[in-house]
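Below you'll find the structure, written out as structure tokens, and then a few comments.
The values are calculated or read from the model by the stated rules, or taken from the named source; none is laboratory data. If you're wondering where the values come from, they're calculated on a predicted model, not measured in any experiment. Cβ: placed from backbone, ideal geometry, glycine included. Neighbour counts: every protein chain shown. Please note that ligands, DNA and RNA were not included when accessible areas were found on the heavy atoms of the full protein model with its side chains. Shrake-Rupley method; radii C 1.70, N 1.55, O 1.52, S 1.80 Å.
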Amino acid sequence: MSNKEVKAALKSAREAIRSKEYKEALKYCKAVLKQEKNNYNAWVFIGLAAAELEQPDQAKGAYKKAIELEPNQLLAWQGLANLYEKPNQTDVKGDLADVYQKLLELYESSDKQKWCDVCNKLVELYHQEKKYLEVAETWQKLIRMKQEEGAEKTELHQLWKKLIQLLKDSTRSQDNKTGQLLLTAFEHALDSADTVPGEGHQSLYKDFIQCLSKFPHEVARLEKACQDMMALYPTVSYPLEVLCLHFVQSGTLSEEALHCFSRLLEMDANSGPGIIGFGIKCLKENKYKEAVKSLTEGLQKTNQCPAAWYYLAEAQVKIHEHRNAVLSCNQALEALGTPESPNFQWKNLALQLKAETLIKIADADAAEEAIKALEQIVDGSSDPMVLALRGRAYLNKGLMEQASKISQELLLSHPHLAEAHALEGFIHYSQKNYEQAEKSFLNAIERKAGTAEYHQYLGLTYWFMSDETKKDKGKALTQFLKAAKLDSYLGSAFCYLGNYYRDIAGDTSRARGCYKKAFELDETDEESGTAAVNLSVELGDMDTALSILNEVTEKARPGTAKWAWLHRGLYYLRTDQPSQAVADLQAALRADPKDSNCWESLGEAYFNRGSYSTALKSFKKASELNPGLVYSIYRAAALEQILGKYESAIATYQQILKKTENYVPALKG
């Protein structure tokens, strides 16, 4: 076949392709290749025809042969791109990206429009594959090309916005380079906006700040962006809210942070971050109740703030709301998410605080939960504070051997650590080794004198050690006073002060004040509540006694606060108010249906009210529960007599006289 014949055959092949006679085209091309096996156009036409005949492998092979022959010719690359773009072509995205890259190289100097079209396709492909870095780098090439062509500011602005849109999900991938390209895109988009200030620009700024807040290492950039937006939009609270939350999460309470909190609350008194900031300020100023109130309110409006939940837990611990503090720690941990999160320091703090709080609750279930929390602390096994907490949790769980082992190890490795000596003290105290406990607590106080709990336990050690140390003003009393002074919310210290003034000093008035304070601090402390009521009655101050009882019964859930219902019921019984006495004694029995004395008092209240049949049932119930209650049996007999049940009454009187021969009321009956 001559040169002329080759050209004619190629022309026929081209026309056959135009006429969709692909098999004919293949015949012409094969004839050419017999003559010229390296004919570029023949291979390209074979690729085209084979692709249309659904023979992708043959098409791919032909295009690749053509490319091998002429790597910088467009036709074969275009054909290969068209082939890979077909819907039936799977697993070729990587190859297609390479083809697009080559086409960009070939179009760059020859056809700018086609270069842009291919660039768009390549970016779309990378985006589907979540290759965000390649998306960013390729799109930036497109923008550079447009800039070189002298594109308008508006067009460039749209291109930067499009890049932001393409990269919006990339922040999850934590790729720093992509992140930097996204932030740069925001900055360019903000700089190229037409209307400044304006609604679109404001919205873009908000997105930029939101994006920056996801990058923990971009603190300076975040602060600058917030300040710049505040300068442009002084009435918009968003940048100030982000800045406040940033200060909260960073754990710093600088003058600048305090200024931000105040400024935000001036702008919007209901702003969650502003109220949270104010709560943290209160916490740092030791205004714990105000801190709890503000942090709780702020978190109702802005609940995804782990640091704020931690600060709330800290404030709750200070006022001994231990169960609430555990819930707040759990909220902090939930908001922090996975252990891989960059906030692992907050996570460690929350886990440690949770464990400390559970140890203060001091039951076996709480101890088990504390151990689980301590196990999750990163590098906790090498932290002596964490080990000391673990020792206390073991002690609360009754695992004395494990607790003692940790105590001995800590005293050897960290003899200067107050917590190591305190743990030893708690172990001795639980075993009633009071002399050794005294030494340990004194050692702990020497190293950390400001811990109320150490003084309280040293006071308790003296209280139980001997009558001499209990009565010695310089021993138990001094330590309880120090504990109460160091922690004015420590109800148990005031309770023991009450015990001292009542049982040792005989100062009823002062004792009553201490018990009242203890009960105000902890309304679940029945011992202090009962003592405050009894001493108020003893002092003839029924108003105070009743105000305490009324306060408790108003808040009490059904089946709780037996002591308060019982005390008030007995008061009503003494003051001839039988109907009120009946209601209160019934409420006391709902809390403890097996209290025989309470049933006896209820019988007395029914009797005084004139409800004889019900009174009889109550006295019988009392004597069933406690056959030794002779008075109840006698009252039952007397009521049977009143109700005309003489035989039954006689039998009951005789029953009493069998047990107690000289029981005069029964003889009279």
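Summary value for the range 219-283: 28 percent relative contact order, contacts being C-alpha pairs under 8 angstrom separated by 6+ residues. Considering only alpha-carbon pairs that sit under 8 angstrom and 6 or more positions apart, the relative contact order computed for the range 311-443 is 15 percent. Ellipticity at 222 nm from helices only: DSSP H runs of n ≥ 4 in the chain, each -39500 (n - 2.57), divided by the residue count, give -24000 deg cm²/dmol.
Overall, the accessible surface of the range 354-487 at a probe of 1.4 angstrom is composed of carbon and sulfur to the extent of 48 percent. Roughly what would the spin-label model give for Gln304 and Asn550, points 7 Å off Cα along C-beta, in nm? Here the answer is 4.8 nm between the modelled labels.
Too long at a 30 Å Cα-Cα cut-off: which of Lys281/Lys360; Lys318/Lys555; Lys11/Lys93; Lys372/Lys405? Exceeds cut-off: Lys11/Lys93. For the range 270-357, the list of GluC sites (Glu not before Pro) that fall in a loop by DSSP and count at most 11 other C-beta atoms within 10 angstrom reads Glu285, Glu340.
With all protein chains kept in place, the per residue accessible area of the range 448-603 amounts to 47 square angstrom at a probe of 1.4 angstrom. Loop-located trypsin sites (Lys or Arg not before Pro) in the range 1-50 (DSSP state other than H, G, I, E, B) with a sparse environment of at most 15 neighbouring Cβ atoms within 10 Å: Lys20, Lys37. As a length-normalised measure over Cα pairs under 8 Å and 6 or more apart, the relative contact order of the range 241-388 settles at 15 percent.
Are there trypsin sites (Lys or Arg not before Pro) in the range 204-302 that DSSP marks as loop and that have at most 16 other Cβ atoms within 10 Å, and which are they? Qualifying residues, ordered by number: Lys214, Lys287.
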